[in-house]
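First the structure, in the form of structure tokens, and then the observations on it.
The values are calculated or read from the model by the stated rules, or taken from the named source; none is laboratory data. Keep in mind it's a predicted model, so treat the numbers as computed, not measured. Note that each Cβ is placed from the backbone with ideal geometry, even for glycine, and that neighbours are counted across all protein chains shown. Surface accessibility is based on the protein's heavy atoms, side chains included, excluding ligands, DNA and RNA. Shrake-Rupley method; radii C 1.70, N 1.55, O 1.52, S 1.80 Å.
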Amino acid sequence: MGTRFMCTVESPIHDNIKQTIVEASETDTVHIFRTLHNTARVFKNKVSQEVVRLERRPGGAKFEDVRELVSGQRGRLVYENGDKDYGVWSAGICIGLIKDIPTCQDLLDSIEREAEDVIGGMAKLVVPRAKL
């Protein structure tokens, strides 16, 4: 849900990042830090792909090898300057399902409505038992 709420009107991140999320598919994320046993899913960009490349070297990578690339300060600036390739930034696989930038209220109303539809449809799945 974090990625979904990043892409709302009220979210304080740069509009370029919101638009990047809307245009992304489910294949636009990547795992980093696997060799460091601290896996994180992030948006697939130049920086995250370089981290993955370093981790795939024979012998893997040490944190010192990727420290500058994955700096939290660098990642935070992505949300401020709108440059999707400036640093690593978190993104869930649900990114491929996000196709709009609603208000938080509209998003919550939609989630509630969809949940009610699913729950309401479940009653049709109940098969009455025969009483002997």
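Quick look at the values:
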{"item": "Over the stretch 23-117: Kirkwood hydrodynamic radius from C-alpha pairwise inverse distances, Å", "result": "14.9"}
{"item": "Using alpha-carbon coordinates, inclination of helix 104-122 to the longest axis of the chain, degrees", "result": "50"}
{"item": "Lysine pairs within the chain, Cα separation less than 19 Å, 8 or more sequence positions apart or different chains", "result": "8"}
{"item": "Residue-wise HN-Hα coupling along the stretch 27-32, computed from phi with Karplus coefficients 6.51, -1.76, 1.60 (Hz; x: Gly, Pro)", "result": "8, 9, 10, 8, 8, 10"}
{"item": "With every protein chain in place, the chain: carbon and sulfur % of accessible area (1.4 Å)", "result": "54"}
{"item": "Acute angle (nearest 10 degrees) that the helix 46-55 long axis makes with the longest principal axis of the chain, alpha-carbon atoms", "result": "80"}
{"item": "Sites residue 15 and residue 38 - FRET efficiency at Förster radius 22 Å, r taken between beta-carbons, to 0.05", "result": "0.10"}
{"item": "For the stretch 1-63, fraction of C-alpha pairs farther apart than 15 Å, in %", "result": "58"}
{"item": "Spin-label model distance (nm) - residue 94 vs residue 71, 7 Å beyond Cα toward Cβ", "result": "3.2"}
{"item": "Approximate shape of the stretch 77-132 as ellipsoid semi-axes (Cα gyration tensor, √5λ), whole Å, largest first", "result": "42, 14, 7"}
